[in-house]
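Here's the structure we're looking at; comments come further down.
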Amino acid sequence: MRAGSTEQRQLLRIRIVLEAADGHATREIARELETTPTTVSLWRIRYAREGLDGLEDRLRSGTPPIYDEATDQRIRKVLDQPPPKGFARWNGPLIARSLGDVDVQYVWRSLRKQKIDLAGRNVLEAVQMSVIPKVIETPKIAAVDLIAALEPVGRGASMGALGRVYGNGDFELTLTIRTFAVTGGRIHLWVGGGIVWDSDPEDEVEESWTKARPLLAAIGAPLVEDAPAQAR
């Protein structure tokens with residue numbers, strides 16, 4: 001696996017961590033992923049020391065940027081704006097991308113220093129994070145941040161919580177699983193399955209179609225049953 005784009009590099013690092021978690025040795029992982037033992041060792045050590053944060057790119061050599069209270073104020077100002085289209089809330093990579101000249105590692109440090117909890121900024125965001133299906137044993141917020149960095153399109157309300165909060169603090173919620181979202185004259189439908197290490201790609205695609213077919217049929221949407229999995 002040759003790491004070219006940012007997404008490919010992140011995928012390589014994640015696969016290294018997963019292979020290591022399965023008990024494979026450094027040289028074995030390097031052969032499997034077509035990389036060097038030095039690269040494997042680097043990301044194994046970074047993950048062991050820093051967790052998922054250790055898989056992020058660090059600033060290149062040169063004059064390091066100077067961050068101060070003004071930088072913290074800029075981060076708070078970003079949070080006062082609505083998140084980018086397709087995202088339910090801000091996360092570290094999105095904030096860094098919006099600012100353009102602030103490293104994501106400093107964004108996380110600033111948020112911790114200011115005791116800003118992105119997942120708990122309001123009750124609806126907190127509830128949405130709490131109902132993410134526990135398909136993988138990964139910290140929910142960190143998993144969502146990785147997904148947001150890898151996927152080209154935001155998930156919107158999919159797999160979140162929808163309901164209402166009453167004045168006395170009670171609330172009623174339901175999960176937006178197999179739920180249509182209508183916006184801008186278009187109908188959106190998200191389906192999927194739980195991916196594990198030994199999942200079969202064709203089986204997962206078929207499971208998604210099994211969930212989608214009755215819903216698409218209900219609105220008269222055409223189905224291309226013989227299309228290859230890559231085209232679906």
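Test Gly51 against the criterion of being in a helix (DSSP H, G or I) and either modelled with pLDDT of 85 or more or not assigned by TED's automatic domain parsing to the domain that holds Asp101 (or both), and give yes or no. In short, yes. Residues in segment 73-94 that are among the small types (Gly, Ala, Ser) and touching a residue at least 60 places away in the same chain (Cβ under 8 Å): Gly86, Ala88.
Which number in (1) in contact with a helix residue (DSSP H, G or I) (Cβ under 9 Å, 6 or more places away or on another chain); (2) at pLDDT 85 or above; (3) in a loop (DSSP other than H, G, I, E, B) marks the one condition that Thr38 misses? Just one mismatch for Thr38, condition (3). Applying a threshold of 9 Å to beta carbon distances and a minimum spacing of six or more residues, or different chains, the list of pairs starting in segment 162-174 at a residue that is assigned to a loop (DSSP other than H, G, I, E, B) and ending at one that is among the acidic types (Asp, Glu) and modelled with pLDDT of 80 or more reads Tyr166/Glu172.
The residue that is modelled with the lowest pLDDT, counting only those in segment 100-157 that are among the charged types (D, E, K, R) and outside any loop (DSSP other than H, G, I, E, B), is Glu125. When we screen Gly167, Gly160 for residues that are closer than 30 Å to Lys77 by Cα, more than 23 Å from the chain's Cα centre (by Cα) and at pLDDT below 75, the only hit is Gly167. Restricting segment 197-215 to residues that are in contact (Cβ under 8 Å) with a residue 12 or more places away in the chain and not charged (D, E, K, R), the residue that is farthest from Gly156 (Cα to Cα) is Trp197. For segment 174-185, the criterion of being modelled with pLDDT of 80 or more, farther than 30 Å from Glu19 by Cα and of a type in the set (Phe, Trp, Tyr) is met by at least one residue.
The values are calculated or read from the model by the stated rules, or taken from the named source; none is laboratory data. All figures in this text were calculated on a predicted structure; none of them were measured in a lab. Counting neighbours? That spans all protein chains shown, and the Cβs are built from the backbone with ideal geometry, glycine included.
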